[in-house]
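Asks: After the structure tokens below, expect a handful of questions from me.
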Amino acid sequence: MIDSHCHPNSKELELNAAEIIERAYSAGVESFMIVGCDLDDSFKALSMANNFKNYNAYAAVGIHPHEAKIYADNLDFYLDKLEAMTLDNRVLAWGEIGLDYYYDISPRETQQKIFIAQLERAVKLNLPVILHIRDAMDDALAILNDYYKNLKLLFHCYAGGLKYLERVLAMGGLCALGGAVTWKKSDELREVAKIINLDKLLLETDCPYMTPAPFRGKINEPCYIKYVYELIANIKNLEFSELEDRIKNNYKKFFEIK
Ligand SMILES: [Zn+2]
Ligand SMILES: [Zn+2]
């Protein structure tokens, strides 16, 4: 299995990161994409990717839309720092970046400005992008329309439903599904899982958030990715091991892992 989006660098998990990664690895999770949400968090993602090299950990660096307002004033200065981190060969992507109008923690205009500036960097550095988009698909797709031809896009925690799926796929985007697909009310997400071409799918925990159904309410961790795999294998009517192979191929291809 592969956890294509996790935050062992989060404050909920960082103190036990080694134990958590080891537990997941022993349970069959063979690679981890550790994602940054701000400058400090991205630095931690990179450090962990190096510390957990033997577990095939990699990092993505970027500024999450929630944090946009903190970086708005000296944006170029901060983006230069993130760009410097990408010189390390454990960094394989820029993210997570995007728009979040559900929480609206940063003003929407600021979110957009920082999203666009980071897309520019990703194009310049030729890095794939990990997108976080919540209740903002129209604005996000309008912005991405200027970039998708030059960028590989991963819609992490895809929440655009069937409504946006066709447009996302037309942009060459991949969708990542996580614990939410196991939740009782997520019929539409399961419908997405059913119709999406397997070549366009990745699976993730987004831990410590989005804990899958049997453990909902607990802190999520990478070993729980198993429950997402089980459900998707079921929906797709595949052997577990076949799903593992297909997802691993998509992951390696998207992040260009040899
Ligand atoms: Zn996210
Ligand atoms: Zn995340």
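Asks: Can you find a residue in segment 135-146 that is at pLDDT 95 or above, buried (at least 21 other Cβ atoms within 10 Å of the Cβ) and within 14 Å of Phe255 (Cα to Cα)?
Replies: Checked segment 135-146: no residue is at pLDDT 95 or above, buried (at least 21 other Cβ atoms within 10 Å of the Cβ) and within 14 Å of Phe255 (Cα to Cα).
Asks: On to the next question. For Glu67, which of the numbered conditions (1) in contact with a strand residue (DSSP E or B) (Cβ under 9 Å, 6 or more places away or on another chain); (2) within 28 Å of Asp138 (Cβ to Cβ); (3) within 15 Å of ligand 2 (Cβ to nearest atom) fails to hold?
Replies: Going through the list (1) in contact with a strand residue (DSSP E or B) (Cβ under 9 Å, 6 or more places away or on another chain); (2) within 28 Å of Asp138 (Cβ to Cβ); (3) within 15 Å of ligand 2 (Cβ to nearest atom), Glu67 breaks only (1).
Asks: Condition first: away from ligand 2 (no atom under 15 Å from the Cβ) and touching a strand residue (DSSP E or B) at 6+ places or on another chain (Cβ under 9 Å). Now tell me which residues in segment 191-218 satisfy that.
Replies: Correct list: Val192, Ala193, Ile196, Asp199, Lys200, Leu201.
Asks: Might you check whether a residue that is touching a strand residue (DSSP E or B) at 6+ places or on another chain (Cβ under 6 Å) and away from ligand 2 (no atom under 16 Å from the Cβ) occurs anywhere in segment 40-57? Reasoning before the result, please.
Replies: Going through segment 40-57, the residues touching a strand residue (DSSP E or B) at 6+ places or on another chain (Cβ under 6 Å) turn out to be 42, 45-46, 48-49, 56-57.
So of that shortlist, the ones also away from ligand 2 (no atom under 16 Å from the Cβ) come out as 56.
Yes, that holds for at least one residue.
Asks: Out of Glu83, Glu109, which single residue is over 23 Å from Glu256 (Cα atoms) and more than 15 Å from the chain's Cα centre (by Cα)?
Replies: Glu109
Asks: All but one of (1) open to solvent by 50 Å² or more (accessible area, probe 1.4 Å); (2) more than 30 Å from Tyr164 (Cβ to Cβ); (3) more than 16 Å from ligand 2 (Cβ to nearest atom) hold for Glu120; state the number of the condition that does not hold.
Replies: Evaluating Glu120 over (1) open to solvent by 50 Å² or more (accessible area, probe 1.4 Å); (2) more than 30 Å from Tyr164 (Cβ to Cβ); (3) more than 16 Å from ligand 2 (Cβ to nearest atom) leaves (2) as the failure.
Asks: Quick one: in segment 192-247, of everything that is crowded, with 18+ Cβ neighbours inside 10 Å and acidic (Asp, Glu), which residue is nearest to Glu166 (Cα to Cα)?
Replies: If we take residues in segment 192-247 being crowded, with 18+ Cβ neighbours inside 10 Å and acidic (Asp, Glu), then Glu204 is nearest to Glu166 (Cα to Cα).
Asks: Also, quick follow-up: Given the structure, is Asp88 in a loop (DSSP other than H, G, I, E, B), more than 14 Å from ligand 1 (Cβ to nearest atom) and closer than 19 Å to Ala45 by Cα? Spell out how you get there, then give the answer.
Replies: Numbers: in a loop (DSSP other than H, G, I, E, B): yes; more than 14 Å from ligand 1 (Cβ to nearest atom): yes; closer than 19 Å to Ala45 by Cα: yes.
The answer is yes for Asp88.
Asks: Among the residues of segment 107-141 satisfying the criterion of being of a type in the set (A, V, I, L, M) and part of a loop (DSSP other than H, G, I, E, B), which is nearest to Ile34 (Cα to Cα)? Give the derivation first.
Replies: Restricting attention to segment 107-141, the residues satisfying the condition of being of a type in the set (A, V, I, L, M) are 114, 116-117, 119, 122-123, 125, 127, 129-131, 133, 136-137, 140-141.
Still in the running and part of a loop (DSSP other than H, G, I, E, B): 127, 136.
Details: Leu127: 15, Ala136: 24 Å.
Across segment 107-141, the extreme among qualifying residues is Leu127.
Asks: Just to be sure, is Leu99 in a helix (DSSP H, G or I) and modelled with pLDDT of 95 or more? Before you say what the answer is, go through the steps one by one.
Replies: Numbers: in a helix (DSSP H, G or I): no; modelled with pLDDT of 95 or more: yes.
It is false that Leu99 is in a helix (DSSP H, G or I) and modelled with pLDDT of 95 or more.
The values are calculated or read from the model by the stated rules, or taken from the named source; none is laboratory data. Treat the numbers as computed from the prediction; the structure is a model and nothing was measured. Here the Cβ is made from the backbone with ideal geometry for all residues, glycine too, and neighbour counts use every protein chain on show. SASA here: full protein model, heavy atoms, side chains in, ligands and nucleic acids out. Shrake-Rupley method; radii C 1.70, N 1.55, O 1.52, S 1.80 Å.
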